[in-house]
Structures are given as C-alpha cells and as structure tokens.
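To start, the structure under review is shown below, and the notes come after it.
Please treat every number below as a calculation from the coordinates, not as lab data. This structure is a prediction, so every number in the text was calculated from the model and none was measured. All Cβ positions, even for glycine, are placed from backbone atoms using ideal geometry, and neighbour counts span all protein chains on display.
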Amino acid sequence: MKFVDEAYIDIAAGDGGNGCVSFRHEKYKEFGGPNGGDGGRGGHVFAVADPNLNTLVDFRYSRRHEAKRGEHGMGSDMFGAAGADITLKVPVGTIFSDAETGEVLYELLNPGELVTIAKGGDGGFGNLRFKSAINRAPRQKTPGWPGEKKNLKLELKVLADVGLLGMPNAGKSTFIAAVSNARPKIADDPFTTLHPNLGVVRVAPEQSFVIADIPGLIEGASEGAGLGHQFLRHLQRTRLLLHIVDMAPFDDAVDPVAQAKAIVGELKKYDQELHDKPRWLVLNKLDMVPTEEREQRVKDFVKRFKWKGPVFQISALTREGCEPLIHAIYRHVQAEQRSENTPEEIDPRFAGDAPD
C-alpha cells in the first residue's frame, strides 16, 4: 500500500569562527611576532538512513535543526575548535528535495547510508596567516564563513505496517483517528470511507508505525462486491492485520460472529497467503456494552468464533484499551523488521564454498 509521508524542515550548518589578531607578549622580546589563530569550522548537518525508522512523523514536531558554530581563534597560535556536527536519522527510502524549487538533492536508499546535507562554514584566518617578509606585524584577520542553510522537503513512499479489516461501521475510521494523525471522515453511513486512509501512529520519539484503514468489506468482496475488494491486494504488503469487530451493532438481528466469519472467508477466497498473515482480533465499541455484560459477551464471542489468537478489547470512541494495543503493535512491527534485516545464516558445512 504505497502512500507518501512528507515533512518540511529548516536546517542550518554552523558558521565558521572568526580569526584572531594577536601578538606575542614575552619578557625581553620587544617586538613579538603575530600569533593569532584561525577560527574553527562550523558543524556539518548529516543525514543517515536508519532501518529502525519507518515514518517521518518526528520531523513534524521538530522542524528546525542547527549545528553549532566554530569557536573563534585565539592568541598563542590557538586555533578555534570545530563546531559539533548533528546527524538526522531518517527512514530508508527518504528523498530530500529543495522546498522551493522541488529539485531532488539526495536519496537514501540503503540502510546506514550517510550524506552531508549542509556543510559548515570554514573558519576565518588569524593574523598569523598574513605574516610575510614585508609584513611582519600584520593586523589583518577574516571572519568565519557562514554555514549552509536550506529549506528541505522530506518525502517517503511508505508501506502500511498495519491494515484494518472489518465490516462497514465497525469503527475502523474512529480507531485510526483516535490513535494516529489521520483525520478520516466519520459518520453513521456504512460506506463513509471511500478510499484508504493512512495514519502515522507515534508511540514515542523515534518510535512509530504506519496504519491503513481501507473501505469496509462485505460478503462477496473477493468477487468484486462493495468497495473493499479494490484494496484487498494492498493488504498483502502489511505486516499485521487488525480485525475490528463491532460488539454493539444497532440492529439486534445482526450477529457479530457471523460478520467476522464472513470477513475471514473473504480473505481466504481472495488469497490464502493474505489469510495466513498475522491477524489480531480487536473487539470495538465496548463502551456501548453494559459493564456487567462485557466479560460474558467477549467470552461468548471468542468461543463461538473459535479464535485462538490475540484478543484486544477497546473503545475507539473513548480510547479505552487503545494505548496497550498500539504498544503491542509497535513491538510486533519491530520484531518483524528485525527478522527481515537479519542476514541469512550460512550452514557451516558450506561456508567454504561461499564466494569471496
């Protein structure tokens, strides 16, 4: 499921330190020579592709990034120290472009790839640099050069880590709005969602994942009925499916178990591999179920549905139970990413046959 995640940032490399005008002041030396040192260079701004990140959400909270300026030169031939560099961690696949012209500047396509996106300014010259046979007491110095400043657009074509399954009006749009930055249309109309909505869930700084809400499925979706069939193929690229079930349907004649079984049946008809993906059961709208009936209703549903996997009880409207769920999702997504990035082990019996 390809979407574009983007952010705009301002970056500023450090200015160079100024050069120094200074002369030796030593006892018994009436005319000490120049000893003013150069200023230090300003700090650079780097960007590195971090395979542990998969969204740009953190750059929406911190848009300004500045490196330190270099220190000024000093007497006694002391050069100023260089300013500290800063490194921005971005997901693999991030594209940097000029925010004003749209020109693509850098693309980080490989894990660990490092680029310099703004260079620090060089330090200025102290008067020691200007000493010559005809100018033995120079008083010239130069200021530090300014560091590069850029307005950048960061763009990432992301794949949804988590896909939401469920019948129309199961509360998928309410859930994605409650836990992410997405703002889908929410209404009583069963087919309110007409196209996929993508949300970035921020668990903690530098900890996030991408969640996608697709139009609700109905029976016959795998053959083309309803809207969700157009997007079933996108769910094949997710790492986890959340099956959201409405535990308090408006119509008492509606059986949530029958609806849930119909969704699973559509998955199996469409693609066995999609059906076999990790899938968690999320029982929604429990705020509309009397407190004394909740436990029994959940037990009855799980028993009739013959479900053996993880079960989460939530109310997307009140956010009850949402926090433990998103933390569990993040841990699962991280574990999947680590397993994908782990190099395949070579059988020691054939290690000698490996190419150099």
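Just a few scattered comments:
- In the stretch 1-117, the alpha-carbon atoms span a convex hull of 128 Å³ per residue.
- Karplus (6.51, -1.76, 1.60) ³J(HN,Hα), θ = phi - 60°, over the stretch 125-131, in Hz, Gly and Pro reported as x: 8, x, 6, 4, 5, 9, 5
- The stretch 18-75: trypsin sites (Lys or Arg not before Pro) falling in loop per DSSP and having at most 15 other Cβ within 10 Å: R24, K27, K29, R63
- Radius 10 Å from Cβ of L53, net charge of other residues (Lys, Arg +1; Asp, Glu -1): -2
- Residue-wise HN-Hα coupling along the stretch 246-252, computed from phi with Karplus coefficients 6.51, -1.76, 1.60 (Hz; x: Gly, Pro): 7, 8, 9, x, 5, 8, 5
- Cβ-based net charge around G166, under 10 Å, with every Lys or Arg adding one and every Asp or Glu removing one: -1
- The lysines whose alpha-carbon is closer than 19 Å to the alpha-carbon of K68, local same-chain residues fewer than 8 away aside, are K89, K119, K149, K150.
- Summarising the amide proton neighbourhood of L317: residues at separation of 5 or more, or on other chains, whose placed amide H is nearer than 5 Å comprise K285.
- From phi via Karplus (6.51, -1.76, 1.60), per-residue ³J(HN,Hα) for the stretch 256-273 in Hz, x at Gly/Pro: x, 5, 5, 5, 5, 5, 5, 4, 4, x, 5, 4, 5, 5, 6, 6, 4, 5
- Net charge of neighbours whose Cβ lies under 12 Å from the Cβ of H243, counting Lys and Arg as +1 and Asp and Glu as -1: +2
- The stretch 292-331 versus the stretch 56-102: alpha-carbon centroid distance in Å: 45
- Distant-in-sequence amide H partners of L53 (H built 1.01 Å from N, under 5 Å): V92
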